[in-house]
Every structure is written in C-alpha cells, then in structure tokens.
Amino acid sequence: MAFPEPKPRGPELPQKRLKTLDCGQGAIRAVRFNVDGNYCLTCGSDKTLKLWNPLRGTLLRTYSGHGYEVLDAAGSFDNSSLCSGGGDKAVVLWDVASGQVVRKFRGHAGKVNTVQFNEEATVILSGSIDSTIRCWDCRSRKPEPIQTLDEARDGISSVKVSDHEVLAGSVDGRVRRYDLRMGQLFSDYVGSPITCICFSRDGQCALVSSLDSTLRLLDKDTGELLGEYTGHKNKEYKLDCCLSERDTHVVSCSEDGKVFFWDLVEGALALALPVGPGVVQSLAYHPTEPCLLTAMGRSIQCWREETYEAEGAPS
C-alpha cells in the first residue's frame, strides 16, 4: 500500500521578533534591504542614512550629506553605490565603502519621495511631490536629468524599475507604466491617492496601495483587477506594501501599529502582526527568505519565521 505524499508545507510568515534596533536617527522614514538581503538601509529625519547588518544589529556606516530628512534610499546591484532622496529636494549618489557623496543631483522643485537605480546602476530615477520623475545619469557630469517624465497631475509617491519598465504611483490616483522598449505609456486609474506600488517577483503583476485603506493587485499588462486586500488602516500616511519572497502573500504597513499579511490568491487575512503603539511607517521584505524589517518611530524591528534559529544560538 502506497502512502500519500505529505502535503508541501505552506510558506512560513515572519512573526518572531528577533531584534529591535534604536537607530538614533530621529524618526525612521524608510527601511530598505540591499539586493541580497544581507544588509539594510535606514533613512532618518535627522538627515542621515545608515547601513546595518540587521540580524546582528550592527551599524556599519553612517552617510551624512542631506540638508533635510532622508525619505528613501536604494542600493545598487553590486552593493558599491547607494542613492537617496529627501526633503532638501536633492538626489544623492553615495560610495558605499568610503561613505562619501559622489554626486548631488538638483532639479526637483519639491521633496523627493522615492529613488531607484536601474538594473545596471547607471541611472537613478527619482519621484517628487513636484509631479515629475527625473532620470539622472550617474556617469555624466551634466547637472540636468537625461529625461523627465511629467505626465502625473500630482506628486509622485512611489517608483519601481524593471529591466525595461518604470512603474509609478501618484497622488492623482493613477498607476503609470512606462515601457521603455516600446516607448509607450500605460495608465490605470485607481481613484484614491497612491502611497506605494511594486512589481510582483515574477514581474506579471503590480501591487498598489492607496489612501482608501485598500491594496489592489493589477495585471501589469491589461490593468485587470486580480485581487483586493482590506482590513488595515491607511488614510493619511505614505505607507509601504510589498509581496513576500515567493509571491504567496501580500504585505502592508498599517496606521494602527500592525503589519498585515493576506493570502495572495484567496485574499483572506493570514496574519495581523502587532509591531507597537504607533504607525508602521515602512517595511522591507528579504528577497529570498521569510524575513521582514519594520520601522516604527525611532527604531526598526527584524522578524523571522517561528522555526528560525539564529546562528550561534543554543539549540
């Protein structure tokens, strides 16, 4: 008699708090993993950017050069460069190893909410409350952007980049997708001001969060609504959302001190993770493992799955 195969285990969600780090940067505006998930960046209201090993809780370097609070940052594919944007309207390119400012790009008329490198880290894309996305050539000495995308009718809250596409979310309630190969623009109207957008890991879908406390999963090519996720609170702040490392769950910050996880396909709430008494301002999901970083107030929290054993921990 053949025994049935055991059911494959469902994906584990990060719900065990491993560490809480007081970053010493005032309020943390954003937390971001680097490309391989070994390090993270924190953007502070004290004008600094810090690089950490979050699992160990060690500070590796502090980057100072912004004139106002830092609102977003991103690392390059080879971990040699960082870019950041902030309330001083500047986009800054940093050398990771030395901590020095390589270039400062000025041209935005308002604070810079979001920054991203392209895949080769030769161009930085920045989105601002001045309703434009500007593309800056990291290798050129020219002060002006190589391209300005100005189709939005209100501030740009979130930008993501794939090998040939730019996905942008705006306070005007539209998701815009620029296909750089075809030279085309696609626009989908969500209706409520958009706070965050991201590609699914497989690149087929776009996840959109907006100020009506709703997340929507859209088919990237057709704009078809594939799923809606509600239960969290997002009425006034720019909060992050993302997908888990295997695209199984939708994850969002919330203004009531929790992080919400929904099953991507069924749309059912899988977990409401209590972080603390305040707004969960930002989150970052590890690229390959069930590991989550959250930012609340002055500190960040590192979460792993229940079965996770830290290296060197007594077994």
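For Phe186, work out the one condition from (1) closer than 18 Å to Val161 by Cα; (2) among the aromatic types (Phe, Trp, Tyr); (3) open to solvent by less than 10 Å² (accessible area, probe 1.4 Å) it doesn't fulfil. Here Phe186 meets the rest and fails (3). From the list Leu239, Leu215, the one residue that fits, being over 14 Å from Val265 (Cα atoms), in contact (Cβ under 8 Å) with a residue 12 or more places away in the chain and either aliphatic (A, V, I, L, M) or in contact with a helix residue (DSSP H, G or I) (Cβ under 6 Å, 6 or more places away or on another chain) (or both), is Leu239. Annotation for segment 97-107: at least one member residue is in a loop (DSSP other than H, G, I, E, B), within 21 Å of Ile156 (Cβ to Cβ) and open to solvent by 10 Å² or more (accessible area, probe 1.4 Å).
Anything in segment 276-302 that is among the aliphatic types (A, V, I, L, M) and farther than 18 Å from Gly26 by Cα? List them, or say none. Walk me through it before giving the result.
Of segment 276-302, the ones among the aliphatic types (A, V, I, L, M) are 279-280, 283-284, 292-293, 295-296, 300.
Ala284, Leu292 - these are the residues of segment 276-302 that are among the aliphatic types (A, V, I, L, M) and farther than 18 Å from Gly26 by Cα.
Checking each residue in segment 162-183 for being open to solvent by 10 Å² or more (accessible area, probe 1.4 Å) and under 24 Å from Lys235 (Cβ atoms) picks out Val171, Asp172, Arg174, Arg176.
The values are calculated or read from the model by the stated rules, or taken from the named source; none is laboratory data. Here the structure is a predicted model, which is why all the values come from computation and not from measurement. When we count neighbours, we look across all protein chains shown, and the Cβ atoms used for this are built from the backbone with ideal geometry, even at glycine. Just the protein is used for accessible areas: all its heavy atoms, side chains included, with ligands, DNA and RNA removed. Shrake-Rupley method; radii C 1.70, N 1.55, O 1.52, S 1.80 Å.
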